[in-house]
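Some notes on the structure that comes next.
The values are calculated or read from the model by the stated rules, or taken from the named source; none is laboratory data. The structure displayed is predicted, hence computed values, not measured ones. Every residue, glycine as well, gets a Cβ built from its backbone with ideal geometry; the counts of neighbours run over all protein chains shown. Please note that ligands, DNA and RNA were not included when accessible areas were found on the heavy atoms of the full protein model with its side chains. Shrake-Rupley method; radii C 1.70, N 1.55, O 1.52, S 1.80 Å.
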Amino acid sequence: MTFAATVLTLYPEMFPGPLGLSLAGRALGEGRWSLDAVNIRDFATDKHRSVDDTPAGGGAGMVLRADVVARAIDHVADDRPVLAMTPRGAPLTQARVRSLAAGPGAVILCGRFEGFDERLFEARAIEEVAIGDYVLSGGEMGALVLLDACVRLLPGVMGAASSGDEESFESGLLEYPHYTRPYEWEGRTIPEVLRSGDHAKIAAWRKQRAEDDTRLRRPDLWERHSGARVGRPLARGED
Ligand code: SAH
């Protein structure tokens with residue numbers, strides 16, 4: 001089964017864009033995934049081919065029309081999940097990326113202007129997704145981010161070098177730091193343990209660094225990782 005991505009956008013020329021290069025591009029060429037960019041404007045019905053209108057209640061900007069966008073969705077819909085890019089959505093996580101990558105693909109809806117008429121989300125089964133707590137000018141970059149994260153997990157894309165299991169977020173932690181040659185650079189050396197050849201010691205050092213760095217850099221992740229232990233008072237005998 002090939003992971004099939006359909007992107008609904010006002011700018012189909014933005015695809016595959018960076019996903020046509022490197023790992024994702026090679027995988028696309030090999031048919032490990034497919035990408036179809038569909039212009040939402042093709043589903044406009046008036047003579048001006050309008051896709052947006054002014055916001056009800058007033059205010060700046062324009063809003064994407066529910067009727068036009070719904071026609072586009074209905075045209076491409078099958079058994080794949082439909083995701084809409086919006087800062088109001090659930091933050092994208094590695095866990096969600098992994099579950100999407102294990103499925104048949106995704107239909108990704110890219111907003112522009114002020115976003116979508118809210119009735120769209122009431123009338124269709126659409127998962128609202130945000131790629132971070134900042135505002136982009138359009139959903140296309142978000143779609144590229146989401147697809148890049150999914151495609152690298154598809155079978156055969158990363159090769160045998162890595163299953164991705166040790167990467168940041170896979171275990172709820174940031175990954176440990178990496179080093180490579182030269183051994184000495186600007187007076188700085190590589191941690192001795194990494195040159196010891198002692199695999200158990202190296203694994204222990206990496207685990208410790210992953211935990212320490214996560215605690216310092218991402219207390220939010222650390223709290224979730226250590227879960228109940230942090231959230232509740234310690235029971236007797238626990239430390
Ligand atoms: N008025 C909206 C922002 C619209 S930005 C608000 O304040 O919530 C225009 C489009 O860019 C959105 O419809 C969405 O598709 C995309 N976009 C912007 N920021 C995003 C983010 N953090 N995650 C995902 N998509 C985003």
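Round to a whole number: what % of the accessible area of the range 166-230 belongs to carbon and sulfur, probe 1.4 Å?
Numbers: 2480 of 4940 Å².
It is 50 percent, rounded to a whole number.
When you have a sec, figure out the Kirkwood radius of the range 166-230 from all distinct Cα pair distances and drop it here in Å to one decimal?
On the way: mean 1/r = 0.0764 Å⁻¹.
Result for the range 166-230, one decimal place: 13.1 Å.
Once fully extended, how much extra length lies between Ala123 and His75, figured as 0.36 nm per residue of separation less the alpha-carbon to alpha-carbon distance? Kindly include the intermediate steps, with their values, before the conclusion.
Values: separation 48, 0.36 × 48 = 17.28 nm, distance 1.51 nm.
Additional length available on full extension: 15.8 nm.
If you place +1 on the Cβ of every Lys and Arg, -1 on the Cβ of every Asp and Glu, and leave all else neutral, what size is the dipole of the chain about its Cα centre, to the nearest 20 Debye? Present the calculation step by step, with values, prior to reporting the outcome.
Numbers: 29 positive and 36 negative charges, 90 e Å.
Computed about the Cα centre, the dipole is about 440 debye.
Please give the length that would be gained between Ala204 and Thr54 if that part of the chain were fully extended, namely 0.36 nm times their separation in residues minus their C-alpha to C-alpha distance (nm, one decimal). Mind showing how you got there, number by number?
Working: separation 150, 0.36 × 150 = 54.00 nm, distance 5.84 nm.
Additional length available on full extension: 48.2 nm.
Can you tell me the accessible area per residue over the range 3-151, all protein chains present, probe 1.4 angstrom, in square angstrom? Walk me through the numbers on the way to the answer.
Values: 7300 Å² over 149 residues.
In whole numbers, the range 3-151 has 49 Å² accessible per residue.
For helix 66-76, report the angle its Cα long axis makes with the longest principal axis of the Cα atoms of the chain; keep it between 0 and 90° and round to the nearest 10°.
Compared with the principal axis, the helix lies near 70 degrees.
When all C-alpha to C-alpha distances in the chain are sorted into bins of 10 Å, what percent of pairs does each bin hold, rounded to whole numbers?
7, 24, 27, 21, 13, 6, 2, 0
Contour minus end-to-end for Met158 and Arg215, with contour as 0.36 nm per residue of separation and end-to-end as the Cα-Cα distance? Please report the intermediate quantities before stating the final value.
Numbers: separation 57, 0.36 × 57 = 20.52 nm, distance 2.88 nm.
My answer for the length gained is 17.6 nm.
With the full set of protein chains in place, find how many percent of the accessible area of the range 3-151 is carbon and sulfur; take the probe as 1.4 Å. Mind dumping the intermediate values first?
Numbers: 3870 of 7300 Å².
Carbon and sulfur atoms account for 53 percent of the accessible area of the range 3-151.
Mind checking the per residue accessible area of the range 166-230 for me, 1.4 Å probe, whole number of Å²? Intermediate results must be reported in sequence, preceding the final value.
On the way: 4940 Å² over 65 residues.
The answer is 76 Å² per residue.
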